[in-house]
Amino acid sequence: MRRKDREVTDKAKIEEIIRGCHCCRLGFNDDGEVYILPLNFGWEKKEDTYVLYFHGAKEGRKIDLIGKNPKVGFEMDRGYSLRPGEIGGECTASFQSIIGNGVVEMVENKDEKIHGLTLIMNHNAGPKAWTFSEPMLQAVAVFRMTVEKMSCKEHE
């Protein structure tokens, strides 16, 4: 990271930022073309590894790309606010952001699918004993990203 003065390394602060983000953008490599998707997500930390869960349709470009090249880039951010200066070059912004790389895999196991969907619902709608109908479980694709590398930055 170029701006070490803005780097966040404290695990509690990083998790606070993740909790405050509700959109994670995944970037896929599609034969040299970048395909970026904004997705809502749920997450958990397994030992020292972050795992993010997503859901969507069972077919389409994203599903094809997961099968073709599961290595992705990701970005999430919160709290963006432009702080204008007296002249254009004096503008700055407040923000918190996380970027990184990971590997995406389809979730086929029903119990893990329910687990992933529960994490997504808890993150976006609040903790609750969520239930999911069998037809919905059959209709939705759930996929997880295991984070391999990430960095966190903030500017206040």
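The values are calculated or read from the model by the stated rules, or taken from the named source; none is laboratory data. Computed from a prediction, not measured in an experiment: that's the story for all the values here. Cβ atoms come from the backbone with ideal geometry, glycine included; neighbour counts cover every protein chain shown. Accessible surface is based on the protein model in full, side chains and every heavy atom, while ligands, DNA and RNA are left aside. Shrake-Rupley method; radii C 1.70, N 1.55, O 1.52, S 1.80 Å.
With a Förster radius of 22 Å, plug the Cβ-Cβ distance of THR49 and LYS71 into 1/(1 + (r/R0)^6) and report the FRET value to the nearest 0.05.
On the way: r = 16 Å, r/R0 = 0.72.
FRET efficiency, THR49 to LYS71: 0.90.
Would you mind calculating the gained length between ASN109 and ALA139 on full extension (0.36 nm times residue separation, minus the Cα-Cα distance), in nm to one decimal?
Working: separation 30, 0.36 × 30 = 10.80 nm, distance 1.39 nm.
Gain on extension, ASN109 to ALA139, equals 9.4 nm.
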What ³J(HN,Hα) values, in whole Hz, does the Karplus curve 6.51 cos²θ - 1.76 cosθ + 1.60 give for region 86-99 when θ = phi - 60°, with x put for Gly and Pro? 5, 10, x, x, 9, 6, 9, 9, 9, 5, 9, 8, 9, 10
In whole Hz and in residue order, list the ³J(HN,Hα) couplings for region 129-136 that follow from phi through the Karplus curve 6.51 cos²θ - 1.76 cosθ + 1.60, θ = phi - 60°; x for Gly and Pro. 7, 5, 10, 9, 6, 4, x, 5
Within region 77-156, report the chymotrypsin sites (Phe, Trp or Tyr not before Pro) that DSSP leaves as loop and that have at most 16 other Cβ atoms within 10 Å. TRP130, PHE132
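Take the cross-link list LYS45/LYS68; LYS46/LYS149; LYS128/LYS149; LYS45/LYS128 and give me the ones stretching past 23 Å between alpha-carbons.
Values: LYS45/LYS68 26 Å; LYS46/LYS149 14 Å; LYS128/LYS149 31 Å; LYS45/LYS128 19 Å.
Where the Cα-Cα span goes over 23 Å, the pairs concerned are LYS45/LYS68; LYS128/LYS149.
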Non-local amide H neighbours of PHE132 (under 5 Å, H modeled in plane, Pro and chain starts lacking H): which ones? none
Expected vector for region 67-83, Karplus 3J(HN,Hα) from phi with 6.51, -1.76, 1.60 and θ = phi - 60°, integer Hz, x for Gly and Pro, equals x, 7, 8, x, 7, 10, x, 9, 8, 9, 8, 7, x, 5, 8, 6, 10
Residues ASP64 and GLU148, FRET efficiency given R0 of 25 Å [Cβ-Cβ distance, rounded to 0.05]: 0.70
Keeping all protein chains in place, calculate the accessible area per residue for region 48-156 (probe 1.4 angstrom), answer in Å². 55 Å²
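Within region 73-142, which trypsin sites (Lys or Arg not before Pro) sit in a loop by DSSP and count at most 13 neighbouring Cβ atoms inside 10 Å? Before the final figure, lay out the partial values.
Details: sites: ARG78, LYS110, LYS113, LYS128; in loops: LYS128.
Those that pass, being in a loop and sparsely packed, are LYS128.
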Which entry is the computed mean projected area of the Cα convex hull in nm² for this structure: [x] 11.2; [y] 8.0; [z] 10.6? [x]
Contour minus Cα-Cα distance for ALA12 and THR131 (0.36 nm per residue): 39.9 nm
Specify the residue with the greatest mean-square fluctuation among MET76, MET121, MET136, computed from a Gaussian network of the chain linking alpha-carbon atoms under 10 Å apart. MET136
Straight-line reach from LYS13: which aspartates and glutamates fall under 20 Å, measuring Cα to Cα and dropping same-chain residues less than 8 apart? ASP5, GLU44, GLU47, ASP48, GLU75, ASP77, GLU148, GLU154, GLU156
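Hey, any idea what % of region 115-156's accessible area is carbon plus sulfur with a 1.4 Å probe? Please report the intermediate quantities before stating the final value.
Values: 1280 of 2260 Å².
Carbon and sulfur together cover 56 percent of it.
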